[in-house]
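Below is one structure, written out as structure tokens, with a few remarks after it.
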Amino acid sequence: MVSLRFPFLFSQPPKPKPKPKPPHTKAASTFLAASAVVATAGAAAIAICQDPKDPFLKKALNSVFSNKSNHCSLPLWGSLSLAENSSSSSTVVESRTGVSFPSVLDDSKRLLGIGLRKKSVLGLKNIDVYAFGVYADDNDLKKFLSEKYGKLSNPEFKENKEFNEYIIENDICMTVRLQIVYSKLSIHSVRSAFEESVGSRLQKFGGSDNKDLLERFTSQFKDEYKIPRGSLIDLSREQGHVLCTKIDGKEVGSIQSQLLCQSILDLYIGKDPFDRQAKEDIEHNLASLLHK
């Protein structure tokens, strides 16, 4: 990542003296040389923004600031710093919506994949409701996957269709972050959507007698909460199969239920997910993590 900081201090130009000075003085040469340094640095910085990993550009930029004239010392008017992207500060962008997700959440949860939740309106068109990112605790993943699938090769692991169900069922700390894209979405619509989608999963995994559990979950999305475009909803499975729900960072409820946690995660990484490409990306990243 490149950050440009130009702490310029502009002062009023000195009043001209009656006697004209020669056009090429040492001061003028210094000014022109300094201007060339700033202009060259700016051009190099723009190039590095386009390709931050290009070693030739970095070397060229470094040489601009390290190369000193034998005749004068040039003032450094602009400050430029180059910082390598770290896993804790980098982000990943969902290309269809432009929504970005941090690559690491809560210091330990790794981003496994991102996707998009679409909804059909009257069967006529699809609207983008929210983008989502699926995270899982790094240590939990390595522990559970290595115990179960550590002896499998990468191709064998990818061909195995059971590990998603294994992750969904077991007590691995995970978070699904939803970032609202549709600007006209109401909290009532969110509640209704979860009643339908989570309700179908609860019936799938636990039978029909789970209305109370579903109501406990959906009642967390109270009418007082506003969710304009950009709002965040975090659904996290914490240790002990506790589902913790947050809206824009504020916890609005927690429910201890393995069935509920399983039903939520199945929406995103189960057999019939909201976004199949996202599920495939998650599977690929899980295989890469297992064989690091």
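The values are calculated or read from the model by the stated rules, or taken from the named source; none is laboratory data. These numbers come from a predicted model, not from an experiment. Here the Cβ is made from the backbone with ideal geometry for all residues, glycine too, and neighbour counts use every protein chain on show. Heads up: the accessible areas ignore ligands, DNA and RNA and are worked out on the full protein's heavy atoms, side chains in. Shrake-Rupley method; radii C 1.70, N 1.55, O 1.52, S 1.80 Å.
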For ASP223: the one exception among (1) open to solvent by less than 80 Å² (accessible area, probe 1.4 Å); (2) of a type outside the set (Ser, Thr, Tyr); (3) more than 15 Å from ASP266 (Cβ to Cβ) = (1)
Which condition does LYS222 not pass, out of (1) under 26 Å from LYS109 (Cα atoms); (2) modelled with pLDDT of 95 or more; (3) not in a helix (DSSP H, G or I), if it passes all the others?
-> (1)
Among the residues of segment 196-219, count how many are open to solvent by less than 100 Å² (accessible area, probe 1.4 Å), assigned to a helix (DSSP H, G or I) and out of contact with any Leu (no Cβ under 8 Å at 6 or more places or on another chain).
-> 2
Residues satisfying the stated conditions in segment 226-244, i.e. buried (at least 17 other Cβ atoms within 10 Å of the Cβ), under 17 Å from the mean Cα position of the chain (by Cα) and part of a strand (DSSP E or B) = ILE233, ASP234, LEU235, SER236
If you scan segment 267-280, which residues turn out to be part of a helix (DSSP H, G or I) and open to solvent by less than 60 Å² (accessible area, probe 1.4 Å)?
-> LEU267, TYR268, ILE269, ALA278, LYS279
In segment 179-195, is there at least one residue being touching a Leu at 6+ places or on another chain (Cβ under 6 Å), open to solvent by less than 30 Å² (accessible area, probe 1.4 Å) and either touching a residue at least 12 places away in the same chain (Cβ under 8 Å) or aromatic (Phe, Trp, Tyr) (or both)?
-> no
Filter segment 93-125 down to the residues that are under 16 Å from VAL190 (Cα atoms) and surrounded by fewer than 12 Cβ atoms within 10 Å (Cβ to Cβ), then identify the one that is nearest to the chain's Cα centre (by Cα).
-> SER120
Just give me the residues in segment 245-266 being buried (at least 17 other Cβ atoms within 10 Å of the Cβ) and assigned to a strand (DSSP E or B), in sequence order.
-> THR245, LYS246, ILE247
